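Any read-out appearing in this document is the output of simple, stated calculations on the displayed coordinates, not a laboratory observation. Quantities reported herein were computed from a predicted structural model and do not represent experimental measurements. Every residue, glycine among them, receives a Cβ derived from its backbone with ideal geometry; neighbour counts consider all protein chains shown.
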Amino acid sequence: MKLNIAGRLHPTLNLLDEGCAIYRRHFTSFVAIGLEWLTPIAIAIGVLVGNAERIDANWLVVIVLAGLLLAIPLALYLIGGLSRAAMAAIDGRTIDLREALAIHPLGVAKAGCFTIIYGFMMQVASSAVSLLCVCPVYVMGLSASVFFASVDSDSPLGITALAVFGLLLVGMYVLAFIIGGISYSSLFYALQPWLVERLRFGEALERSVDLIIFRFRSNLVVWGVSALLVFAVGLSVSLAVGVIVPLPAFLLLGAESTVAQAIASIAWLLGLALVLPPWFIWMALLYRRNLAARSGADLTRRVEEWARAVKVEG
């Protein structure tokens, strides 16, 4: 059983390791692409925070709504730029920032339509799965409350029951966390045909659905593990950058200073620019690997390598 699990995880670990190696080799280019699209957001946040007291409440609502509308295309440009850069790195080409960021607005519009539809479907699916996980815990919680009322909480039985219930509760939250991570990873994976290929709407939709279903179980493993890694590393890096960078400003200007708050917001965005690229590199690698296997290119390559090896031995 252990060997079987290790065998299933081996391709996933290789993919994650290859993605980290690509990120290390092209660190500057990936961070530059991330900052290219996060800089306007940082400037907007700084201006908004700095003038928050002067802006009327009605205008503030309008600005926030406009920002939410612009968030989708900006996020798609970020995903597309990092994914296209990852494809260039996978092919062994030099990452051209202009080429990576030159995404046609029509392609972004089509990807946006797909994102809204796919996001809605994933929200329904993840909510249903989460509900199936949460309901039993609530039932056990009600049963546990009745049980604790009749049992001494300081007794060994009461302590054991409380510990078991606590572990179940933690497991529920971890499972919900994993489900959310899988949703985001699958979305970034499904967006690859829309942002790195030049396909018609129907062709891109067909390829996305086809490659989501293809090797679905192994895809789930990659989606979940990659999301957990990004969340774990991202939380620590974002906390470090978001706390250490603005700390001098808070000490000099005070916590109520709008300048210090703007610097803190920009620091958090800088942390995102550092931790997000591996996520899109992994999804690009998974897309390229599954596309090659689905189209038969991977089998053709293996046959050619086998034929060359036989020829050399002969």
Measure off 7 Å from each Cα along the Cα-to-Cβ vector at residue 91 and residue 174, then give the distance between these two points in nanometres to one decimal. 4.2
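What order do you get for 199-207, 186-194 when each peptide is scored by the mean count of other beta carbon atoms within 10 Å, highest first?
Taking the mean over residues of other Cβ atoms within 10 Å, the ranking is 186-194, 199-207.
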Which length gain, in nm to one decimal place, applies between residue 63 and residue 117 when the Cα-Cα distance is subtracted from 0.36 nm times their residue separation? 16.9 nm
Extending each Cα 7 Å along its Cβ direction at residue 243 and residue 163, get the distance between those two points in nm, one decimal. 3.0
Which of the peptides 85-96, 269-280, 209-220 is most tightly packed, and how do the rest follow, judged by the mean count of other Cβ atoms within 10 Å per residue? 269-280, 85-96, 209-220
Once you place label points 7 Å from the Cα toward the Cβ at residue 210 and residue 18, how far apart are they in nm? 2.1
Taking r as the C-beta separation of residue 28 and residue 198 and R0 as 35 Å, the FRET efficiency to the nearest 0.05 is 0.80
